[in-house]
Amino acid sequence: MPSIDTLADRLSSYLAADQVNLVRRAYFYAEQAHDGQRRRSGEAYVTHPLAVANILADMHMDHQSLMAAMLHDVIEDTGIAKEALTAQFGETVSELVDGVSKLTQMNFETKAEAQAENFQKMAMAMARDIRVILVKLADRLHNMRTLEVLSGEKRRRIAKETLEIYAPIANRLGMHSMRVEFEDLGFKAMHPMRSERIRTAVKRARGNRKEIVAKIEESITAYLQREGLQGEVIGREKHLYSIYQKMRGKRRAFNEIMDVYAFRIIVDKVDTCYRALGVVHNLYKPLPGRFKDYIAIPKANGYQSLHTTLFGMHGVPIEIQIRTREMEEMANNGIAAHWLYKSDGDDAPKGNHARARQWVKGVLEMQQRAGNSLEFIESVKIDLFPDEVYVFTPKGRIMELPKGSTAVDFAYAVHTDVGNSCIACRINRRLAPLSQALESGSTVEIVTAPGARPNPAWLNFVVTGKARTHIRHALKLQRRSESINLGERLLNKTLTGFDSHLEKIAPERVQAVLGEYRLEVIEDLLEDIGLGNRMAYVVARRLLAETGDAAPSPDGPLAIRGTEGLVLSYAKCCTPIPGDPIVGYLSAGKGMVVHLDSCKNIADIRHNPEKCIQLNWAKDVAGEFNVELRVELEHQRGLIALLASSVNAADGNIEKIGMDERDGRISVVQLVVSVHDRVHLARVIKKLRALNGVIRITRMRA
Ligand code: MN
């Protein structure tokens, strides 16, 4: 059982005597505060904070973190106020303790929400002082190590949370050792049988592999020495959880995974890394396409190393990692490695620390944009599993993006405004689809246009949380302003029928109606109308309630301009185009759908003023409209080309083409053509009629 004295001994190797004394004082304070409390295992409670402090001492954390570790459950479990801690140990330590407590004490409706909420708080805490999260991680690690005494259900809940939230965070902060321990302990608690089976299998395999491992290790060492290079060669094993995940995710057999021999070479300096790489490539043939230089381009969590895979004797694959001692520390401890070198934590943040802060900053920005916690966690979950691609801006800056990212993700990563006004992209100087997944090493250039807007279809392919959140945000804003605009026009049109206008209605009356609907401002009401959630006719009558029940004079139709945006759509069943007689059907939440006046689908509600509204086309209606044509013609060679060139000659655009043969002689072609209006359509049809062999052309309407 480690005592405060053994800890103090260890601490004096890297902390000043007065700092060690402060840690001691915090310990005795905690011992007294928790007096009489016991852990589930029966031990005195203070053994837990002491163990947490020991974990942090392994990481050479500063004295303030260690003091916070000693006191981390005091506010939560003993009712001692934060102010009392401030008086005793100063502002910084009490802030740290408070931060850790806030992460611990949370109650939520649903589990998913709890995790999302947890995560946000953690991110916020990190932004203020990253040490809060390190103390929290150490706390969780000790709880995981002593998980056995808990009941089955509680154990599984904690294990699941650890796998879903804490392990990815440790990974993101580059703390490999901690992540591996979280994962193996979590795996054991969630799936004790599977974990045990894999553990035994690994042990057995280790025996069989011993000889080969020793042989490879020897020859690598000998080769390094011959070249005069100092290097330590270590055989590596995959941890249980990663073996399990590989077996599940990639559906590989245990033997296939274990068939790989993995080594790490630790050298003195960067230059030696590359020379050692030369040596091993000389010893065994490298597998093409497997070499990765994470020294020149570190991973997003700060990880640096050279990776290569070799064909060993008898063709066994050998994975090699080459790195310096310092990179090794970083790879194992990540952000915490910062403290391994600096004992006073007040230094300007740099390196890993800066990277982690950068990440936290990104998380917080997203959080501000995302409406609720679940949407938020959906966004960040993706960012927690970093499988990156590296691409370049036209100026040569390196951007890291998650695997599968597209040019739109890239655009949002460069800047929100670039993303929002993006219209096209060039990948390696060639125009490419915005949806194309980017590959490492590509140069990506974004073409923007002022006034351009995000396309809802982008949500189908973007990968990064940042892009997703910003697109949703922009669409939300756009939809609101468009709904308000349409709602106002609808309402005023109806009011005109009653010989009134929104401006003519007394503000008190408007307020009263808003009150009835429990809405704050008139814009909310107009938005509701525009979205089809409230009927303009009903609202108009409410607004006019005081003036009696005068029957409306005949409604003048509302003019459609084609620029209404997301709140107006054209019915797929009858595809109206400008010039056609039309009506609007108000569909709750979706806004207005424009149908042909003669469309069968709306025949029943056609004259219901609460559901349908008279429309006509504005003179200067904008846009392209799709219509479907059915062309019957005699079968001939090059038929499609002929049709296409006729449509083209009439300035029309073919959007879609389909064909079925009725018999050997007659073909029926379905064309979806985009046109400006009926006059334009007539021109297209005229051109098509002029073709040889055309028998009949029909415009399709449901
Ligand atoms: Mn604790």
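Given a Förster radius of 45 Å and the C-beta distance between ILE212 and ASP417 as r, what FRET efficiency does 1/(1 + (r/R0)^6) yield to the nearest 0.05? Each step should come with its number before you reach the end.
Values: r = 57 Å, r/R0 = 1.26.
The formula returns an efficiency of 0.20 here.
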Query raised in the report: What spacing in nm lies between the two simple spin-label points modelled at MET247 and GLU83, each 7 Å away from Cα in the Cβ direction?
Result: 5.8
Query raised in the report: If you keep only loop residues by DSSP, which trypsin sites (Lys or Arg not before Pro) in the range 435-531 have at most 12 other Cβ atoms within 10 Å of their Cβ?
Result: ARG518
Query raised in the report: In nm, to one decimal, how far is the LEU477 label point from the ARG689 one, both placed 7 Å along Cα→Cβ?
Result: 5.0
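Counting helices only, and only those DSSP H runs with n ≥ 4, report the 222 nm mean residue ellipticity of the chain as the sum of -39,500 (n - 2.57) divided by its residues, in deg cm²/dmol to the nearest 500.
The helix-only estimate for the chain comes to -15000 deg cm²/dmol at 222 nm.
List the equivalent ellipsoid semi-axes of the chain in whole Å, largest first, each obtained as the square root of 5λ for an eigenvalue λ of the Cα gyration tensor. Intermediate values should be presented prior to the final figure.
Values: eigenvalues 780, 301, 93 Å².
Equivalent-ellipsoid dimensions as semi-axes: 62, 39, 22 Å.
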Report summary line: Diffing the range 660-665: the Karplus 3J(HN,Hα) column from phi (6.51, -1.76, 1.60, θ = phi - 60°), in whole Hz with x for Gly and Pro, holds 9, 8, 7, 9, x, 9
Query raised in the report: Near VAL100, within a Cβ-to-Cβ distance under 9 Å, what is the net charge of the other residues, with Lys and Arg +1 and Asp and Glu -1?
Result: -2
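If you take the square roots of the eigenvalues of the alpha-carbon gyration tensor of the range 4-190 and sort them as a ≥ b ≥ c, do you get rounded (a/c under 1.5), prolate (a/b over b/c) or oblate? If you can, show how the numbers build up before the last one.
Numbers: a/c = 1.45, a/b = 1.42, b/c = 1.02.
It comes out rounded by the Cα gyration axes.
First select every other residue whose beta carbon is under 10 angstrom from the beta carbon of GLN230; then total the charges, Lys and Arg +1, Asp and Glu -1. Let's see the in-between values first.
Working: positive: LYS269; negative: GLU232, ASP268.
So the environment of GLN230 carries a net charge of -1.
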Report summary line: Filtered hits (aspartates and glutamates, Cα-Cα < 14 Å from LYS395, offset >= 8 within chain) -> GLU445
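If R₀ is 51 angstrom, what is the calculated FRET efficiency for the pair PHE254 and GLU661, using the beta carbon separation as r and rounding to 0.05? Don't jump to the answer; show the numbers that get you there.
Details: r = 56 Å, r/R0 = 1.09.
For PHE254 and GLU661, the calculated efficiency is 0.40.
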Query raised in the report: Given the C-alpha centroids of the range 274-333 and the range 498-513, what is the distance between them in whole angstrom?
Result: 74
Query - GluC sites (Glu not before Pro) within the range 123-230: DSSP coil, no more than 16 neighbouring Cβ in 10 Å - result: GLU227
Report summary line: Once both label points are put 7 Å beyond Cα along the C-beta direction, the ALA16-ALA457 separation in nm becomes 6.5
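What is the calculated FRET efficiency for VAL672 to HIS607, with r their C-beta to C-beta distance and R₀ = 30 Å, to the nearest 0.05? Show your work: numbers first, answer last.
Values: r = 31 Å, r/R0 = 1.03.
The calculated FRET efficiency here is 0.45.
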Query raised in the report: Which cross-chain or sequence-distant (5 or more) residues have an amide H under 5 Å from the amide H of HIS72, H modelled 1.01 Å from N in plane?
Result: none
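Among the listed pairs LYS466/LYS590; LYS656/LYS686; LYS136/LYS476; LYS246/LYS466; LYS154/LYS299; LYS476/LYS611, which have their C-alpha atoms separated by more than 31 angstrom in this model? Walk me through the intermediate numbers first.
Values: LYS466/LYS590 26 Å; LYS656/LYS686 19 Å; LYS136/LYS476 37 Å; LYS246/LYS466 29 Å; LYS154/LYS299 35 Å; LYS476/LYS611 25 Å.
As for pairs spanning more than 31 Å Cα to Cα, those are LYS136/LYS476; LYS154/LYS299.
Output the Kirkwood hydrodynamic radius of the range 571-668, Cα pairs only, in Å rounded to one decimal. Show your work: numbers first, answer last.
Values: mean 1/r = 0.0618 Å⁻¹.
Result for the range 571-668, one decimal place: 16.2 Å.
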**Report entry** Set of lysines near LYS215 by C-alpha distance (under 24 Å), chain-local residues within fewer than 8 positions excluded
**Finding:** LYS203, LYS238, LYS285
**Report entry** 5 Å-binned pair-distance histogram of the range 480-617 (Cα, whole percent)
**Finding:** 2, 11, 21, 23, 20, 13, 6, 3, 1
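Rule-based calculations on the coordinates, nothing more; no lab input. Note that this is a predicted model, so its numbers are computed, not measured. With ideal geometry, Cβ positions are generated from the backbone for all residues, glycine too; neighbour counts draw on all protein chains shown.
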